[in-house]
Every structure is written in C-alpha cells, then in structure tokens.
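The values are calculated or read from the model by the stated rules, or taken from the named source; none is laboratory data. Every value quoted in this text rests on a predicted model; they were computed, and no experiment measured them. All Cβ positions, even for glycine, are placed from backbone atoms using ideal geometry, and neighbour counts span all protein chains on display.
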C-alpha cells in the first residue's frame, strides 16, 4: 500500500477513492487573447464588450436558477453576486473606459481590469476578500470566453465513469457545470472552508479537501487518489490499488448520498437542517431533515433597506409551515461589522468579530430588535417554533433579551394577533457562556452550541484566516471539554442541547456527541445522508462500554482525540477493528 499522504483542509466531509481527472486551470482553459490586425474601432470594441456582458449575465442567470431550484436561495446568491460584478462601474465600467480612452481591444481591457482587481484584493490582509479573488477570476474568465477568446485547453469531463476532480482552483461556475452525480470528490490546491466551491461541495454532499500547496506537483501526477474530506488528507493510489478500488466499487454499486431513508433508530437524536432563506425549505424536505435547527435571518437585512415586520412574518411563516410538525429554530439577527449591510450603517471596526455584532447591535437599536421579535411571535401561530439569541456572554444579556421578547409578545397580543408556543434558547459560542452554562441553563428551554465561533473564540484563531488554519481545531480538547460541560449543565437543568455549527455535521465527532447525549445535530442539508449512515453504524451501549467520553476528555491534544475518533470511523465502532 502506498502510504504517502498529503495534509490539507477538510472542506466537505466524506471519503472517496478512484481515478483522477484534472480540471484545466482558468489560465489553461481559455485566456488566449488575439491582437487586432488592423486599426481599432472603439465603438466596435464597446459593442463586443457589451454583448459579452449580456451573454455572460445570461449564463450566470442560468447557473443561479439551477442552484436555486436544486439547493435553495442562499447558494443562488453566489451567482447573483457574480452578476452584480457585470454592472459594477469599477469593473465593467472601467473596461469600457479603457476601450474609449486607451483604444484597447475589449479582451485586453477586460484582462487588465480583472488582473488589477485581483492584485488589489491579494494585497489586503483580509481572508474574506482574498477568497473573493476566485470570483473575480471566474467572471472575467467567462466574459473573455464570450468575447471569443480561443481555448488553449478545452479538455472535457470524461463521458462516463466516476472521477475525483483535481484542480488548482475551483470556481462556482466550474463546480456547477460538472456532472455532480459522477464526481466522487474534489481535491483543490487553493481555497479554504469558506470558499464558494467548498460551500457548494458541502451542500451537494461531495467530499472535498482544499489548501494542498505542499507537494502539489507530486500529488497531482497520481493516476488515482483516496481522500478523507473530514480529516483533510489525500493519498496517492498505485495503478494496482486503483484497479482494486474500481473492482470493489463495481461489486458494491452503492452511493451513500442516496441513503436519505436510513434512520438512526438506535439514538434519540434529532437531525435538523441549517438554512439561510425561505427558499431553502425545499432542501429540508429533500434531505428529510427533522425540522430546522438554525434559521439564519441575516439575509433579510443585507439590502439597501430594512425589512418590514410584514416581510419578516412572511419569511418566517413560510419555513415554519413547511417544517411542521417539526420545530423551526429561528436565530435573531447575527450580523456585525464583518458583513456588508448598507441599511444598518454598521460601524467600521478593526476587529468586528469582537465588536458590535449580534445582540450587541440589537440592543443599540431597540426598534430593529423589537420589529424582529414581534414578527417571530406573529409567525409562531403557524407551527412549532423556537427563538435563540446569539453571542451571549453573561446572564444580564440573556435576561435583557428575554425582556425584549416579553415586551414584543405583549405588543402583538394588544394588536389582536394570535401567537403560539415559543421555546426560548440561546447559543453557546463564547467561552464565558460555556463557563456559566450551569446558571444560564435555568433561564432557557435549550442550548444550541455554535461550534464555529466557540472554536474561534476559545482558541483565539480567526476561522477565515488561512495563515492559521491549522490552529482552528474542532477536535481540540478544550473545545470538546466545553461542549461536554455545557451538555452536562443542560441535562442537570432538564433542558435540551443541540449542535448547530459545522461540527454538527462532522461524522468523526458523531460518536462523541452520541455518547454525551446531545439531543439535536443541525447541519447543512447535504450532510444529512452521511450523518444518518454514520449513526446507523454506532451503538449507544458500546459507546458507553468503551467509556468514550472519559477517554476523549482525558486527552491532552487534538491528535490524540483524532486517533480515538478515527477508529470509530471504520465500521462504526471500535470493536470492528479489534476482531471482537
């Protein structure tokens, strides 16, 4: 067996093994610009650029609609944002200006402006903007193609078979255009967990490993690969090993992504979905989620104007009705200086993740907060619903939020509206809240552990900064120790506990969560089949017998914890590897 492995970033969970197909890079795939052979007609070049913009917009609109119908509104916004670039004065407007003033061919003007935008974003010390470089490249590439640039390498995805796609970069348009039912996995040199391609891979349930700069030339020369999209490693297969994998695959002919009917009957755990828009309720049904464990409401507040109470009621009711009789957990506005929300006039902060965000912002604008809470109360008449408050760090904040909630209910009742039952919960995502869990638990009906921020704040690691990506460890003993402490406090108070961060969909952590007695796991809808399959291979009695929780909490490093959890990844439990 070839033991050569490369470590990257696990961007989408699941494992795969199979033959490799190399996706041509954008530079290889179609940026050969032709020079004009005669005098340049600026009017003609402007016309060509404008027609290319129209054609590119039509293509992006098709991608947007495809993703909206398959995966929901939130992911469709990726392509909506790409379309906005086509009307940006600083992007296509600057291209037109260079054609007029510098007498440039349309292709050259487009290339120049795109390259300068990419260089500018590359110079910024901001992971979010660096991630958007690939968006600029994607739109510019399509624009230049529609200008008629000749392809240098027009290699197409194989007509048959299932393949692991290996790429320098993976753009949203490339991800969507591939036949995803025949893509085993993605291996990408650049990018991180927050890249649009990684988000799409998770949503479609395709394993992915990204951020593999080290040893790329050796890695990408392999004829076959195996990978683990959870642990983030890839391994080359020899021709003999590849043949063995393909023969085994043919004999099994099984796709875990089709296991949507599989139930985790051994565990009394709710498998719910994280969504970010009413249109995403189609994904809740498609992947058979038992309700919504995290309904992000930020989409309503990202535009030029604030949503009315009526608009919010409609957005919440649509999901609540669709999910009934299961519960919809609505998170109040969780937004801050790190997000672009023109209508909120957010302050410019040097460290927005520690600044005016979430409840802190709501407390500064009582009418903003009150309008949302009144809308949630009115929508509660449509079916089972819960509200949870984000980024609470002390008891005073929680009690203050509950006072706002009670006042909103009184107003709604006075206005003659009917309200339903409303569970009240809070997110545990600040270490101070985890420390105070034993006292906070008696103030709420449930805890929802937001692992993304809990890891970030506990380990002092910016989760969007790839320079310190190796320090962002979901398996860190301090993180899992806090989760255990919070769960124990909730159980002592008689309330339920859910996980709604990315760790909620991490199948490696599933045995630990089940042994702890976590009541709900909420995740991206596309991860639900993988989680069902993993839970079906676990047994509560065996987890207790192996004293998994005690052993995990006794570990001093993330590596020790991973070594224990990875044993459970083979066949469901430890005993599968011990011959007993």
Query raised in the report: Out of the residues in the range 495-517 that are surrounded by 23 or more Cβ atoms within 10 Å (Cβ to Cβ) and touching a strand residue (DSSP E or B) at 6+ places or on another chain (Cβ under 6 Å), which is farthest from residue 425 (Cα to Cα)?
Result: 505
Report task. Identify, from the list 543, 521, 565, 508, the residue that is under 26 Å from residue 280 (Cβ atoms) and not in a loop (DSSP other than H, G, I, E, B). Result -> 521
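Please verify whether residue 492 is out of contact with any strand residue (DSSP E or B) (no Cβ under 9 Å at 6 or more places or on another chain) and either in contact (Cβ under 8 Å) with a residue 40 or more places away in the chain or not in a helix (DSSP H, G or I) (or both), treating the condition exactly as stated.
The answer is yes for residue 492.
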Report summary line: For the range 460-478, the count of residues that are crowded, with 17+ Cβ neighbours inside 10 Å and over 20 Å from the mean Cα position of the chain (by Cα) equals 2
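Residue under question is residue 230, and the condition is that it be over 23 Å from residue 138 (Cα atoms), under 21 Å from the mean Cα position of the chain (by Cα) and either at pLDDT 85 or above or outside the structural domain of residue 468 (by TED's automatic domain parsing) (or both); does it hold? Explain how you work it out, then say what you get.
Details: over 23 Å from residue 138 (Cα atoms): yes; under 21 Å from the mean Cα position of the chain (by Cα): yes; either at pLDDT 85 or above or outside the structural domain of residue 468 (by TED's automatic domain parsing) (or both): yes.
Answer is yes for this residue.
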Requested in this report: Determine if the range 472-479 includes at least one residue that is under 24 Å from residue 272 (Cβ atoms), in contact with a strand residue (DSSP E or B) (Cβ under 7 Å, 6 or more places away or on another chain) and modelled with pLDDT of 95 or more.
Outcome: no
Query - Count - residues of the range 208-228 that are in a loop (DSSP other than H, G, I, E, B) and over 15 Å from residue 18 (Cβ atoms) - result: 6
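When you scan the range 104-117, how many residues do you find that are surrounded by 17 or more Cβ atoms within 10 Å (Cβ to Cβ) and either under 32 Å from the mean Cα position of the chain (by Cα) or farther than 27 Å from residue 44 by Cβ (or both)? Break it down into steps so the answer makes sense when it comes.
Initial filter on the range 104-117 (surrounded by 17 or more Cβ atoms within 10 Å (Cβ to Cβ)): 104-111, 113-114, 117.
Right, trim to either under 32 Å from the mean Cα position of the chain (by Cα) or farther than 27 Å from residue 44 by Cβ (or both) and you get 110-111, 113-114, 117.
Residues meeting the conditions: 5.
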Query raised in the report: Of the residues that sit in the range 297-336 and are part of a helix (DSSP H, G or I), in contact (Cβ under 8 Å) with a residue 40 or more places away in the chain and under 19 Å from the mean Cα position of the chain (by Cα), which one is nearest to residue 498 (Cα to Cα)?
Result: 298
Report summary line: Reported set for the range 407-420 where residues are in contact with a helix residue (DSSP H, G or I) (Cβ under 8 Å, 6 or more places away or on another chain) and surrounded by 12 or more Cβ atoms within 10 Å (Cβ to Cβ) is 407, 408, 409, 411, 412, 417, 419, 420
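Counting only residues that are free of Cβ contacts under 8 Å to residues at least 60 places away in the same chain and part of a loop (DSSP other than H, G, I, E, B), which one in the range 430-456 is surrounded by the fewest Cβ atoms within 10 Å (Cβ to Cβ)? Can you show your working first?
Just the residues of the range 430-456 that are free of Cβ contacts under 8 Å to residues at least 60 places away in the same chain, to begin with: 430-445, 447, 449, 451-452, 454-455.
Add one more test, that the residue is part of a loop (DSSP other than H, G, I, E, B), and what stays is 430, 436, 444-445.
Working: 430: 21, 436: 19, 444: 21, 445: 17.
Only one residue fits best here, namely 445.
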Query raised in the report: Does residue 468 meet the test of being over 21 Å from residue 521 (Cα atoms), at pLDDT below 95 and in a helix (DSSP H, G or I)?
Result: yes
Report summary line: Note on the range 231-242: residues part of a loop (DSSP other than H, G, I, E, B) and either free of Cβ contacts under 8 Å to residues at least 12 places away in the same chain or touching a helix residue (DSSP H, G or I) at 6+ places or on another chain (Cβ under 9 Å) (or both) are 231
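How many residues does the range 367-406 hold that are assigned to a strand (DSSP E or B) and out of contact with any helix residue (DSSP H, G or I) (no Cβ under 6 Å at 6 or more places or on another chain)?
Qualifying residue count for the region: 2.
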Query - Inter-residue pairs, beta-carbon under 6 Å, first outside the structural domain of residue 172 (by TED's automatic domain parsing) and crowded, with 18+ Cβ neighbours inside 10 Å and in the range 118-138, second in a loop (DSSP other than H, G, I, E, B) and modelled with pLDDT of 80 or more, 6+ apart - result: 134/169; 134/171; 138/171
